[in-house]
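Here is the structure we will look at, set down as structure tokens.
The values are calculated or read from the model by the stated rules, or taken from the named source; none is laboratory data. Everything numeric in this text was worked out from a predicted model, so none of it was measured. Cβ placement follows ideal geometry from the backbone for every residue including glycine, while neighbour counts extend to all protein chains displayed. Remember, those area values only see protein heavy atoms, side chains included, never the ligands or the DNA or RNA. Shrake-Rupley method; radii C 1.70, N 1.55, O 1.52, S 1.80 Å.
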Amino acid sequence: MESSSYMPDADFGRYLANVTERDIDLLLMEEFHISDDFVAWFCGELGLRDFSPDGAWHSLSDTDGESDLLLRVVKGRQRIGILIENKVGAPEQDLQAERYHLRGIRSREQGKLDDYVTVMCAPTCYLDALSPNSAYQHRVSYEQIAEWFSKQQGRRAAWRHQIMLEAIDQGRRGYTMAVNATITDFHLAYWKYLRRQHPRIHMERPKDRGNNSNWIILTGYDFPKGVKMHHKFDQHAMEIGFSKRKIDDILAVKADWPDDIAVVQKSQTASLAISVPQIDIKLSFEAQLPAIEEALKAAYRLMPYASLLQGPTEG
């Protein structure tokens, strides 16, 4: 194959019906693991010279969410973590860029990295729409990646170049959420259950949900502005968060918290968190009622603290 230009199969149409973010995740993962040349080029785009690959990981989660990709590189004894958010077209989640920094800082504190950088990989049309104040330190466009593949030899590089072109084209067409009927049904069952059994806890009627709809937002009817609870299925936690607040604000009002209530900072939100039983939103809601009830007991414990920071210090 001398050219990497795309020639759709005349009999069956486009070779790929669509390209998902996971497709690009795994393409990049493979290159990080098998191609030192690709790693050197990618690092060069971030201003990192003479670094060697030292492992790559996919979909790393902690209490602050998920990193799509982590590439660790080394030079001498210095280990740098490159935390990558990959987007074909899906909208950014709340404080997503800031939470990448929290995960980088935590990995550094745990001794897994000496330093880190954060990167957004996406089509140029997506990157151009990011806020000028975006917390991502670097941006690498799909067009840059496609160009790198176009300069490599062989059918494998040509095919990967074509995958990137497909992703770019899909990004231009805009994001269409793939509705997950099972997860949508779970959210709806949760909402109906609250209305019947727990009317003190308010939840907006859910719309269609996608594969990554792992949180449910809850409030009390008298919650102050900027205060919300989150049932985080992926983190096995029930939290009440105070937007634009710091841990010190909470501890200044109350310093002696029960052992099972953690005071945590989530970017610009200070939160109180209680660990709750694991719930799988891809399984039946009714079959997991005991675990859901335990989580709601945690919600009732947190609700009285909704007004904790009300008063002279409220902005």
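Cut-off 10 angstrom, C-alpha nodes, Gaussian network model of the chain. Which of ASP68, ASP259, ASP23 fluctuates the most? With Cα springs under 10 Å in the chain, the top fluctuation among ASP68, ASP259, ASP23 is at ASP259. Of the residues SER141, ILE261, ALA181, the one whose Cα sits farthest towards the positive end of the charge dipole of the chain is ILE261 (charges of +1 on Lys and Arg Cβ, -1 on Asp and Glu Cβ, taken about the Cα centre). The residue among VAL227, LEU46, ALA97 whose Cα reaches farthest toward the positive pole of the charge dipole of the chain, with charges on the beta-carbon of Lys, Arg, Asp and Glu, is VAL227. With each label modelled as a point 7 angstrom along the Cα→C-beta vector, the GLN268-ASP249 pair spans 1.1 nm. Averaging the sequence gap over all C-alpha pairs within less than 8 Å and six or more residues apart, then dividing by the number of residues, gives the chain a relative contact order of 12 percent. Partner aspartates and glutamates whose Cα lies under 12 Å from the Cα of LYS225, excluding those fewer than 8 positions away in the same chain, are identified as GLU314.
Suppose R0 equals 45 Å. What FRET efficiency, 1/(1 + (r/R0)^6) with r the Cβ-Cβ distance, do TYR15 and HIS198 give to the nearest 0.05? Don't skip to the end; give the middle numbers.
Working: r = 50 Å, r/R0 = 1.11.
In this case the efficiency is close to 0.35.
Measuring between alpha carbons in the structure, the pairs from LYS75/LYS228; LYS112/LYS151; LYS87/LYS228; LYS112/LYS266 lying more than 32 angstrom apart are LYS75/LYS228; LYS112/LYS151.
Work out the length of the dipole vector of the chain about its Cα centre, built from +1 on the beta-carbon of each Lys and Arg and -1 on the beta-carbon of each Asp and Glu, and round it to the nearest 20 debye.
Details: 38 positive and 45 negative charges, 153 e Å.
Dipole about the Cα centre, nearest 20: 740 debye.
Working note: Karplus 6.51/-1.76/1.60 with θ = phi - 60° gives segment 12-26 the couplings 10, x, 5, 5, 10, 5, 7, 10, 9, 4, 5, 4, 6, 3, 6 Hz, where Gly and Pro are set to x. Using heavy atoms of the protein chains and a probe of 1.4 Å, the accessible area assigned to LYS151 is about 140 Å².
Counting only C-alpha contacts under 8 Å and six or more residues apart, can you give the relative contact order of segment 106-206 as a whole percent?
So the answer I get is 19 percent.
The distance from the alpha carbon centre of segment 45-105 to that of segment 188-246 is 28 Å, rounded to a whole number. The convex hull drawn around the Cα atoms of segment 146-252, when projected onto a plane and averaged over every direction, covers 11.6 nm². Between 0 and 90 degrees, the angle of helix 96-109 with respect to the longest Cα principal axis of the chain falls at about 90 degrees. Seen against the Cα atoms of the chain and their longest principal axis, helix 155-173 is set at about 50 degrees. Sorting 75-84, 241-250 by average packing, meaning the other beta carbons within 10 Å per residue, from highest down gives 75-84, 241-250. For segment 250-264, backbone nitrogen atoms closer than 15 Å to the point 7 Å from GLU109 Cα along Cα-to-C-beta are found at 262-264. In the frame of its principal axes, the chain has Cα extents of 67, 51, 33 Å, reported largest first.
Skipping prolines and chain starts, which residues have an amide H placed within reach, meaning under 5 Å, of the one on GLY220, given they are 5 or more residues away or on another chain? Here HIS202 satisfy the definition.
Rolling a 1.4 Å probe over the protein heavy atoms gives the chain an accessible area of 53 Å² per residue.
Sites listed here are GluC sites (Glu not before Pro) in segment 201-298 whose DSSP assignment is loop and whose Cβ has at most 16 other Cβ atoms within 10 Å: GLU204.
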